[in-house]
Amino acid sequence: MIIFKSINKLNKKVDFKASIGFVPTMGSLHKGHISLINSSKKICKKTLVSIFINPTQFNNKRDFYNYPKSLSKDMRILKKLDVDYLFLPKVSEIYKDGNKRKIKISKKDKIMCAKFRPGHFEGVLAVINQFLLNIKAKYIFFGEKDFQQLYLINKFIEKKFTTRIISCKTIRDRSNLPYSSRVARLSYSEIVKAKKVSKIFKKIFISLKRKFKNNKKILFYLNKIRLVSSEIEYFDIRNKNNLTLKCNRSNFKIFIAYKINSIRLIDNI
């Protein structure tokens, strides 16, 4: 595995005319990241992984500084997976001119996480923009766990870049809890609570498949989640193609953001 810290050296050594798969991460790697890397290795000749905790996507400085870091462990995982290239840039390398200008999103897209985390997706798009201006990979890989993020990045990339997005299914444990870097911040008892939420959340989806918009049943299950979670930030039923509220049994997705004590978790099915 060749490690790069500068974009110039990366571009000198890596032949982006070949089939290169790019997996951007913020580190603290888990089975979800591993599935993205394995997908890239199946499709592409070479795989490039980045580890960069992007400051522009945090609307809370405490969250940025508290974001879990495990670089030594991450590097061991990447070597075991036989990743070809690892990019470890500093903030000054990504935002070279010091300009951390965010990419605006439309008013109609300021829903769910965009509503409750103002500036978050603008910061995500800013770093993806900086990456793809400098890294001409053929493919870029994202997980469906962050479905709203995937939707917004897709809209942004298709207008500006030739890099093709490959979306990969959410990876879950046996209890239906999706793997997430934030889970690493939970205690054992908090993980037990998060697993209960995931099981109930799946029951909502199954119930809607049987009888769409069964409001009494949804309310029943949401009340069960409230007994476990310290706060439900939002619960939405939306069209999986355009994230509008106009949906039916064949095209809906359910979304939730909730807190276990102070840790915010999201999910969608």
*Identify, from the list LEU265, LEU227, the residue that is surrounded by fewer than 13 Cβ atoms within 10 Å (Cβ to Cβ) and at pLDDT 95 or above.*
LEU227
*Give segment 38-75 a look and list any residue that's surrounded by fewer than 17 Cβ atoms within 10 Å (Cβ to Cβ) and touching a Pro at 6+ places or on another chain (Cβ under 8 Å), or say none.*
ASN59, PHE64
*Return the pairs, sorted by first residue and then second, in which the second residue is surrounded by fewer than 13 Cβ atoms within 10 Å (Cβ to Cβ) and among the basic types (Lys, Arg), the first residue lies in segment 1-13 and is touching a residue at least 60 places away in the same chain (Cβ under 8 Å), the beta carbons are less than 7 Å apart, and the residues are 6+ apart or on different chains.*
MET1/LYS79; ILE2/LYS13
*Considering only segment 3-23, state which residues are surrounded by 14 or more Cβ atoms within 10 Å (Cβ to Cβ) and assigned to a strand (DSSP E or B).*
PHE4, ILE20, GLY21, PHE22, VAL23
*asked:* Between a residue in segment 183-195 that is under 15 Å from HIS30 (Cα atoms) and any residue that is crowded, with 17+ Cβ neighbours inside 10 Å and hydroxyl-bearing (Ser, Thr, Tyr), which pairs come within a Cβ distance under 7 Å, given they are 6 or more apart or on different chains?
replied: ALA184/SER28
*Check LEU133, LEU150 and return the single one that is part of a helix (DSSP H, G or I) and open to solvent by 50 Å² or more (accessible area, probe 1.4 Å).*
LEU133
_Pick from segment 24-39, criterion part of a loop (DSSP other than H, G, I, E, B) and among the aliphatic types (A, V, I, L, M), ranking: nearest to CYS168 (Cα to Cα)_ = LEU29
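Just wondering, is there one or more residues in segment 213-231 that are under 22 Å from the mean Cα position of the chain (by Cα) and in contact (Cβ under 8 Å) with a residue 60 or more places away in the chain?
No, that holds for no residue.
The values are calculated or read from the model by the stated rules, or taken from the named source; none is laboratory data. Values in this document were obtained by computation on a predicted structure and should not be read as measured data. Ideal geometry is used to build each Cβ from the backbone, glycine not excepted, and the neighbour counts take in all protein chains shown. Please note that ligands, DNA and RNA were not included when accessible areas were found on the heavy atoms of the full protein model with its side chains. Shrake-Rupley method; radii C 1.70, N 1.55, O 1.52, S 1.80 Å.
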